[in-house]
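Chemist: My structure is below; once you've seen it, I'll send some questions.
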Amino acid sequence: MNNIRSLREKQHISAKELGRAIGKSQPTISKWENAPQLRYEQAKKIADYFKVSIYEVTGQKNEEYLQDIAPTMVALDILFFQNGEKKIIGKQIIPTKILQEYTLTAPHNIKIIRINQEAMKPTININDMIWIDTSYKFPNSDGIYLINIGNTPMLKRIQIKPFENSAIIKSDNPQDETFIYPNYHQLSVLGKVIFHLQKL
């Protein structure tokens, strides 16, 4: 049995309210709650709503959920940040061959994040998806990075000034402030953006 009912009851949400929130009917939610096994797209809708991992919805362990993935596929972590802490809320399954057409970054270093801020608007907008390479611990070249500012993950464009050992940190959103960071090697970097998915 899956965990949809327990997740719903912890939030004091009725099946009707949950259905309305994700665009499904109450009978559909009841059917999912009693299903012996959920399809990926069903579990993903519930996981996205409750901001939990897919395997917390299905009741399976991470390893059990991924054990049937073919060796030609890889699973990329989907992250959610809350109060400065990151949590894995799901996996994106992708063929290894397709992944290698976009990047040679090792799959375990790639994390997927849905954007919920306007700092890089109009380049990257709210609800766009980005892939970050978490092997970057500080900026070593110009680019867009996810950095910690006051313990808050922020998406910023960084331009390095190597002769001054500093970096210009700015947003593509003209309403945000541009500032200089004195020693870019000490900048707290969570990853560099290597891919951007935008809904048309």
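The values are calculated or read from the model by the stated rules, or taken from the named source; none is laboratory data. If you're wondering where the values come from, they're calculated on a predicted model, not measured in any experiment. Reconstructed Cβ throughout: ideal geometry from the backbone, glycine too, with neighbour counts over all protein chains shown. Ligands, DNA and RNA are excluded from the accessible area calculation, which covers all protein heavy atoms including side chains. Shrake-Rupley method; radii C 1.70, N 1.55, O 1.52, S 1.80 Å.
Chemist: Could you say whether any residue in the stretch 86-100 is touching a Ser or Thr at 6+ places or on another chain (Cβ under 9 Å), part of a loop (DSSP other than H, G, I, E, B), more than 26 Å from Ala15 (Cβ to Cβ) and at pLDDT 85 or above?
Modeler: Taking every residue of the stretch 86-100 in turn, none turns out to be touching a Ser or Thr at 6+ places or on another chain (Cβ under 9 Å), part of a loop (DSSP other than H, G, I, E, B), more than 26 Å from Ala15 (Cβ to Cβ) and at pLDDT 85 or above.
Chemist: So, Tyr181, is that one hydroxyl-bearing (Ser, Thr, Tyr) and open to solvent by less than 30 Å² (accessible area, probe 1.4 Å) or not?
Modeler: So Tyr181 does not fit the description; no.
Chemist: Let me confirm something: among Arg5, Arg39, which residue is modelled with pLDDT of 90 or more, among the basic types (Lys, Arg) and surrounded by fewer than 19 Cβ atoms within 10 Å (Cβ to Cβ)?
Modeler: One residue alone meets the criteria, Arg5.
Chemist: Can I ask one more? Determine whether Pro174 is open to solvent by less than 30 Å² (accessible area, probe 1.4 Å) and closer than 15 Å to Glu118 by Cα.
Modeler: no
Chemist: Further question on the same structure: Restricting to the stretch 92-107, count the residues that are over 14 Å from Ile78 (Cβ atoms) and surrounded by fewer than 17 Cβ atoms within 10 Å (Cβ to Cβ).
Modeler: The qualifying residues number 10.
Chemist: For Lys111, all conditions in the list (1) part of a strand (DSSP E or B); (2) in contact with a Leu (Cβ under 7 Å, 6 or more places away or on another chain); (3) open to solvent by less than 30 Å² (accessible area, probe 1.4 Å) hold save one; what is the number of the exception?
Modeler: Going through the list (1) part of a strand (DSSP E or B); (2) in contact with a Leu (Cβ under 7 Å, 6 or more places away or on another chain); (3) open to solvent by less than 30 Å² (accessible area, probe 1.4 Å), Lys111 breaks only (3).
Chemist: Separate question: Taking the conditions exactly as written (among the small types (Gly, Ala, Ser) and buried (at least 18 other Cβ atoms within 10 Å of the Cβ)), does Ser166 satisfy them or not?
Modeler: It is false that Ser166 is among the small types (Gly, Ala, Ser) and buried (at least 18 other Cβ atoms within 10 Å of the Cβ).
Chemist: Say whether the condition of being in a strand (DSSP E or B), in contact with a Gly (Cβ under 8 Å, 6 or more places away or on another chain) and either of a type in the set (A, V, I, L, M, F, W, C) or closer than 22 Å to Phe80 by Cβ (or both) is met by at least one residue in the stretch 172-192.
Modeler: yes
Chemist: Identify all residues within the stretch 127-158 that are in a loop (DSSP other than H, G, I, E, B), touching a Lys or Arg at 6+ places or on another chain (Cβ under 9 Å) and open to solvent by less than 80 Å² (accessible area, probe 1.4 Å); write none if there are none.
Modeler: Asp128, Thr134, Ser135, Tyr136, Pro139, Ser141
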